[in-house]
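What follows is one structure encoded as structure tokens, with my remarks underneath.
Throughout, read-outs are computed from the coordinates displayed, never taken from laboratory work. Everything numeric in this text was worked out from a predicted model, so none of it was measured. Note: ideal-geometry Cβ built from the backbone for every residue, glycine included; neighbour counts use all protein chains shown.
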Amino acid sequence: MMSIVVIAAALIIIAIDVPHLKRNKLKKELWVFTVLLLIGVGLSIACSFHIPLPNPLKGINTILQPLSNYMYELLT
């Protein structure tokens with residue numbers, strides 16, 4: 001049910017924004033808009049089906065933890 005709401009919201013957003021982008025011949029902006037909207041809709045639908053999504057903070061932590069440890073060792 002929630003995925004239908006997400007798709008309906010995406011269709012409303014498309015109906016509002018895409019004609020303006022096409023009328024002004026903003027092709028690059030249209031591509032960026034499309035890609036970001038598809039990513040957002042895909043993640044929202046996955047979330048509505050209770051699919052576990054990766055947490056971006058874990059990846060950032062994994063990358064920055066060795067640097068943090070190194071800086072800690074330098075300062076102590």
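Tabulated results
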quantity	calculated
Length-normalised contact order for the chain - Cα pairs under 8 Å, 6+ apart - percent	35 percent
Size of electric dipole in the chain: Cβ of Lys, Arg +1 and of Asp, Glu -1, about Cα centre, debye, nearest 20	440 debye
Fluctuation leader among 11, 64, 26 - the chain, Gaussian network, Cα springs under 10 angstrom	64
Column: log10 I(q)/I(0), Debye, Cα scatterers of the chain, q = 0.11, 0.14, 0.23, 0.25 Å⁻¹	-0.52, -0.66, -1.01, -1.08
Theoretical FRET efficiency, 1/(1+(r/R0)^6), r = Cβ-Cβ of residue 17 and residue 61, R0 25 Å, to 0.05	0.10
Coil-residue chymotrypsin sites (Phe, Trp or Tyr not before Pro) of the range 35-76, DSSP, other Cβ within 10 Å capped at 10	49
Candidates 60, 39, 51, ranked by Gaussian network fluctuation over the chain, Cα under 10 Å, top entry	60
